[in-house]
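K.L.:
Quick one: this structure, given as structure tokens, is what I'll be asking you about.
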Amino acid sequence: MTKNKQKQQGIVLVLSLIILLAMTLIGVSGMQSTSLEGIVAGNLRDKDLSLKSSNSALVEAEQIMKSFKEEPIAVDGIPNKLNNEVWNKNAPSSIYKASWPIKPVADHDWWVSKAEDITLTTLNTSIYSEQPRFIIEYWSFKKDSLNMGQQNDITGLNYYKITSWGVGGKAEDSAEDIKATTSIHQINYAKRF
């Protein structure tokens, strides 16, 4: 009987070690999934910030368009909004020499050197890794008349394309992280001068 008891005590030790090992594996996998969930949540936050950043640039560009009292001058080079200038149709693509606006989404240097940064004081730009930016591009003029049945060559709507660029994340993020959290938006804007 003593031999049987000694064998059973050895089995209890082995079973205890197996259970301890299983609990350790469950704990380690739980920690790894929690860490992964934190990374995913951070990436979602950064993408959300880039969308908000890009939208804030659209808002500022619309305000600038509303502030123009006379038709802005379309230029092929980099426009100066203080001189009432905007980009000419397709001028950004001729300067970028790539598929506009798809390619420059992540081209930080292009946006910093060629686009307007926002000046809204209501935006907390400290939470963004980059200042939101935008360009305003003259697109076309459509003649119309405010009087039914009459055509007037002078009156009509000027159409503009506004493209905005925003980046989420933090300034210390790597270039790949910033590239992954970059958003670009485009809207069409019409105004009668």
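K.L.:
In the list Lys47, Lys97, Lys103, which residue meets the criterion of being of a type in the set (Lys, Arg) and at pLDDT 80 or above?
P.N.:
Lys47
K.L.:
Identify, please: which residue in the stretch 21-55 is among the small types (Gly, Ala, Ser) and either touching a Ser or Thr at 6+ places or on another chain (Cβ under 8 Å) or not in a helix (DSSP H, G or I) (or both) and is, among those, nearest to Ile135 (Cα to Cα)?
P.N.:
Ser54
K.L.:
Any idea which residue in the stretch 40-78 is surrounded by the most Cβ atoms within 10 Å (Cβ to Cβ), counting only those that are under 25 Å from Val167 (Cα atoms), among the small types (Gly, Ala, Ser) and out of contact with any strand residue (DSSP E or B) (no Cβ under 6 Å at 6 or more places or on another chain)?
P.N.:
Ser56
K.L.:
Something else about it: Quick check on the stretch 135-152. Is at least one of its residues at pLDDT 80 or above and within 26 Å of Asp48 (Cβ to Cβ)?
P.N.:
yes
The values are calculated or read from the model by the stated rules, or taken from the named source; none is laboratory data. Only a predicted model underlies this, so the values are computations on that prediction, with no experimental measurement involved. We place every Cβ from the backbone using ideal geometry, glycine too, and count neighbours over all the protein chains shown.
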